[in-house]
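Here is the structure we will look at, set down as structure tokens.
The values are calculated or read from the model by the stated rules, or taken from the named source; none is laboratory data. Computed from a prediction, not measured in an experiment: that's the story for all the values here. Here Cβ is always computed from backbone atoms with ideal geometry, including for glycine, and neighbour counts include all displayed protein chains. SASA here: full protein model, heavy atoms, side chains in, ligands and nucleic acids out. Shrake-Rupley method; radii C 1.70, N 1.55, O 1.52, S 1.80 Å.
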Amino acid sequence: MKSFAPRAIFFDLDGTLVDSVPDLAEAVRRMLVELGEPSRTDAEVATFVGKGIPTMVERALTVGRAPISPELLAQAITSFMRHYEDTNGKLTRAYPGVVEALPVLRARGLKMGVVTNKAEAFIGPLLDELGLGGFFDCLVGGDSLAKKKPDPEPLWHACQTVGVSREEALMVGDSGNDALCARRAGIPVLLMTYGYNEGVPVDTEDCDGLLSSFLELPPLLKTA
Ligand SMILES: O=C(O)COP(=O)(O)O
Ligand SMILES: [Mg+2]
């Protein structure tokens with residue numbers, strides 16, 4: 001695989017840094033109970049993650065089921081947000097190698113940021129809960145800007161925030177959504193193979209490399 005010489009690395013959150021489906025799925029199930037709708041498994045919810053919370057909630061209600069009204073969807077999103085505030089961080093864990101690799105990258109002087117489609121309010125508390133809060137120079141959520149991934153805007157915003165050009169950045173994600181965002185932004189992108197990709201095999205995505213562990217990342221980087 002080719003090597004990279006970034007000054008900043010931007011990480012996707014769900015499916016890349018953390019395995020968050022258990023908490024997302026529990027909040028989805030509590031929302032479904034509240035609305036009197038049939039339940040969903042963790043495996044189903046894993047395929048609904050990636051395009052942000054409103055899309056995940058809509059998929060939980062409608063995939064393989066009848067369409068719903070905009071009013072019911074709005075009610076469901078509000079309900080999910082309330083329940084996720086409670087479940088966020090309870091069962092979510094950093095993937096193997098993340099806790100070890102982040103200090104190594106930090107020690108090399110790299111700027112680091114999180115660019116996720118998760119709503120901004122949930123990012124800081126989750127990272128703090130897992131002891132990862134101190135590593136990041138910027139956090140961009142799915143509702144932080146007018147547009148979310150796969151629009152390039154969140155990555156450009158992150159570059160601006162940490163003071164690097166797009167040529168000096170690298171994206172690390174787990175999905176075609178991340179890859180497309182990075183391609184549109186003009187930023188190279190590596191994808192982790194263990195994450196969530198809306199039910200699509202990740203090795204079919206257009207990216208600059210696939211990694212099966214976070215520990216594979218530091219050796220790929222040429223830094224001063
Ligand atoms: O869809 C979401 O809410 C989260 O997605 P991401 O962290 O993988 O961008
Ligand atoms: Mg992801």
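Please give the per residue accessible area of the chain, computed with a probe of 1.4 Å over protein heavy atoms only, in Å². Walk me through the numbers before you get to the answer.
Details: 9510 Å² over 224 residues.
About 42 Å² of surface per residue is accessible.
Quick one: Cα centre-to-centre distance for segment 162-224 and segment 82-160, in angstrom?
Comparing the Cα centres of segment 162-224 and segment 82-160, I get a distance of 15 Å.
Compute the long axis of helix 176-185 from its Cα atoms, compare it with the longest principal axis of the Cα atoms of the chain, and write down the angle in degrees, 0 to 90, nearest 10.
Helix 176-185 sits at roughly 50 degrees to that axis.
Given a 10 angstrom Cα cut-off, can you work out which residue in Asp203, Asp12, Asp174 is the most mobile in a GNM of the chain?
Asp203
If r is the Cβ-Cβ distance from Arg184 to Lys2 and R0 is 22 Å, what FRET efficiency results, to the nearest 0.05?
So the FRET efficiency works out to roughly 0.60.
Please sort 35-42, 19-26, 2-9 by packing, taking for each peptide the average over its residues of neighbouring beta carbons within 10 angstrom, highest first. Mind showing how you got there, number by number?
On the way: 35-42: 12.6, 19-26: 22.2, 2-9: 16.1.
Top of the packing list down: 19-26, 2-9, 35-42.
What number of lysine-lysine pairs in the chain show an alpha-carbon separation below 16 angstrom, given a sequence spacing of 8 or more or placement on distinct chains?
Lysine pairs satisfying the spacing and distance rule in the chain number 9.
Can you figure out the FRET efficiency of Thr55 with Arg108, using R₀ = 25 Å and their beta-carbon distance, to the nearest 0.05?
That gives a FRET efficiency of 0.10.
Based on the alpha-carbon gyration tensor of segment 96-188 and its eigenvalue square roots a ≥ b ≥ c, which shape applies: rounded if a/c is under 1.5, prolate if not and a/b is larger than b/c, or oblate?
Numbers: a/c = 1.63, a/b = 1.23, b/c = 1.33.
It is oblate, given that a/c is not under 1.5 and a/b is not larger than b/c.
Just to verify a number: what accessible area does His157 come out at with the full protein assembly present, 1.4 Å probe, Å² rounded to tens?
60
Taking a ≥ b ≥ c as the square roots of the Cα gyration tensor eigenvalues, with a/c under 1.5 meaning rounded and otherwise prolate when a/b beats b/c, else oblate, which class fits segment 81-147? Show your work: numbers first, answer last.
Working: a/c = 2.70, a/b = 1.35, b/c = 2.00.
Judged from the Cα gyration tensor, segment 81-147 comes out oblate (a/c at least 1.5, b/c at or above a/b).
Give the relative contact order (percent, whole number) for segment 21-87; include only Cα pairs under 8 Å separated by 6+ residues. Walk me through the numbers before you get to the answer.
Values: 60 pairs, mean separation 28.6, N = 67.
Value for segment 21-87: 43 percent.
Calculate one ³J(HN,Hα) per residue across segment 156-172 by plugging θ = phi - 60° into the Karplus curve 6.51 cos²θ - 1.76 cosθ + 1.60, and present them in order as whole Hz with x for glycine and proline.
Running phi through 6.51 cos²θ - 1.76 cosθ + 1.60 with θ = phi - 60° gives 5, 4, 5, 4, 4, 4, 8, x, 10, 7, 5, 5, 9, 10, 9, 9, 10 Hz.
Nearest-5 percent of antiparallel DSSP beta bridges in the chain?
So the antiparallel bridges amount to about 10 percent of the total.
Pick from Ala74, Ala46, Ala119: which is most flexible by mean-square fluctuation in a GNM of the chain where alpha carbon atoms under 10 Å apart are linked?
Ala74
May I ask you to give the percent of accessible area on segment 21-87 that is carbon plus sulfur, with a probe radius of 1.4 Å?
On the way: 1830 of 3100 Å².
Taking all protein chains in place, segment 21-87 shows 59 percent carbon and sulfur surface.
Kindly write out, for segment 73-89 in residue order, the coupling ³J(HN,Hα) from the Karplus curve 6.51 cos²θ - 1.76 cosθ + 1.60 (θ = phi - 60°), rounded to whole Hz, with x marking Gly and Pro.
Once rounded to whole Hz, the list reads 4, 4, 5, 5, 5, 4, 5, 4, 4, 5, 6, 5, 4, 7, 8, 3, x.
Nothing charged except the Cβ atoms of Lys and Arg (+1) and of Asp and Glu (-1): what's the magnitude of the dipole of the chain about its Cα centre? Round to the nearest 20 debye.
Numbers: 22 positive and 31 negative charges, 91 e Å.
Dipole magnitude for the chain comes out near 440 debye.
Could you calculate the contour length gain from Thr193 to Ser213, that is, 0.36 nm times the residue separation minus the distance between their Cα atoms, to one decimal place in nm?
On the way: separation 20, 0.36 × 20 = 7.20 nm, distance 0.81 nm.
Net length gain for the segment: 6.4 nm.
Take the chain, connect every pair of alpha-carbon atoms lying under 10 Å apart with a spring to form a Gaussian network, then pick out the residue of Leu155, Leu72, Leu32 with the largest mean-square fluctuation.
Residue with maximal mean-square fluctuation among Leu155, Leu72, Leu32: Leu72.
Kindly write out, for segment 113-126 in residue order, the coupling ³J(HN,Hα) from the Karplus curve 6.51 cos²θ - 1.76 cosθ + 1.60 (θ = phi - 60°), rounded to whole Hz, with x marking Gly and Pro.
For segment 113-126, the Karplus curve yields x, 10, 10, 10, 8, 5, 4, 3, 4, 8, 6, x, x, 5 Hz.
When a/c is below 1.5 the answer is rounded, else prolate if a/b is larger than b/c, else oblate, so apply that to segment 21-87 with a ≥ b ≥ c taken from the square roots of the Cα gyration tensor eigenvalues. Could the numbers behind the result be given before it?
On the way: a/c = 1.37, a/b = 1.14, b/c = 1.20.
Note, shape of segment 21-87 comes out rounded.
For the chain, what is the mean residue ellipticity at 222 nm derived from helices alone (per DSSP H run of n ≥ 4: -39500 (n - 2.57); sum divided by total residues; nearest 500 deg cm²/dmol)?
Working: 8 runs with 90 residues, N = 224.
One gets -12000 deg cm²/dmol as the mean residue ellipticity at 222 nm.
Quick one: net charge around Asp86, please, counting Lys, Arg +1 and Asp, Glu -1 for every other residue with C-beta under 10 Å from its C-beta.
Working: positive: Arg30, Arg82, Lys90; negative: Asp23, Glu26, Glu85.
Counting the neighbours of Asp86, the net charge comes to 0.
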